[in-house]
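Have a look at the structure below before the remarks.
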Amino acid sequence: MSDPSIETFDEGVTCFFRPLAERIKLPLQKLAKGVYEITGKTFVLRIREGIGHSRDFLLSVSKKDEASQSPRDLGKNEIGLGVVAEFGGEKLGPYKYHTREGYLHAFKDQARAAEKYGVPYLLDLRSNFEDIREFVERKVVESGIREKKFHFPPNVREEWIRPERPE
């Protein structure tokens, strides 16, 4: 029996990311079920099928030597394409993943965004990845999430959840 969700995911990658990879003359590889990667000299763009309760997918950019060795796992140094686009001044989405047409429309839009914001990294035309990391850190600080107090159950210690970060 086939899984219609993974078939639609594979179709989205084939229809929208394979032509992108061919245009920029870089390989598109299937790393595992639901995980593809376009690999440049210094950076990689990963396309992962979502694993939550609803259908979605995630694109991330990372330096090649910092990409997660486990294709399904998100590496701590990977940055979502939406964040890279936001750094560039564009907000992506929202998308309607629950229909096949909406899911494929999201693939089309994300492939366009990948060409605009991800390809320059894949082709070594941009190298300001540290600036994006600083942008993310500023957003975290501005959100106040690190200072927010959470109510943990008695059997959970706060330091288990939020270890101290070196400054």
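What follows is calculated from the coordinates using simple rules that are stated; it is not laboratory data. Please read these numbers as outputs of a predicted model, since none were measured by experiment. As a convention, Cβ positions derive from the backbone with ideal geometry for all residues, glycine included, and neighbour counts pool all protein chains shown.
Full extension of the chain segment joining residue 25 with residue 91 gains 21.0 nm, where the gain is 0.36 nm per residue of separation less the Cα-Cα distance.
Normalising the average separation of contacting C-alpha pairs (under 8 angstrom, six or more residues apart) by the number of residues puts the relative contact order of the chain at 18 percent. Rounded to the nearest 0.05, the FRET efficiency derived from the C-beta distance between residue 137 and residue 64 at R0 = 22 Å is 0.50. Sorting the segments 136-143, 43-50, 78-85, 64-71 by their mean number of nearby beta carbons within 10 angstrom, highest to lowest, gives 43-50, 78-85, 64-71, 136-143. Lysine pair count for segment 31-135 with Cα-Cα distance under 16 Å and sequence separation of 8 or more or different chains is 8. Considering only 98, 59, 77, and ranking their Cα positions along the charge dipole of the chain that arises from unit charges at the beta-carbon of Lys, Arg, Asp and Glu, the one farthest toward the positive end is 98.
Cβ crowding within 10 Å, taken as a proxy for footprinting-reagent exposure, orders 42, 8 from fewest neighbours to most as 42, 8. In sequence order, segment 77-85 has phi-based couplings of 9, 7, 10, x, 4, x, 6, 4, 5 Hz under the Karplus curve 6.51 cos²θ - 1.76 cosθ + 1.60, θ = phi - 60°, and Gly or Pro positions carry x. Comparing mean-square fluctuations of 145, 51, 38 from a GNM of the chain with C-alpha springs under 10 Å, the top value falls on 145. For the pair residue 56 and residue 151 in one chain, pulling the backbone fully straight at 0.36 nm per residue adds 31.2 nm over the alpha carbon distance. Charges were assigned to the Cβ only: +1 to each Lys and Arg, -1 to each Asp and Glu. The resulting dipole of the chain about its Cα centre is roughly 160 debye. As a proxy for reagent exposure, 54, 62 were ordered by neighbouring Cβ count within 10 angstrom, fewest first; the result is 54, 62. Scan (1) 1.00; (2) 1.40; (3) 0.97 for the value of Rg/Rh (Cα atoms, Kirkwood Rh) calculated from this model and give just the label. Of the listed options (1) 1.00; (2) 1.40; (3) 0.97, (1) comes from this structure.
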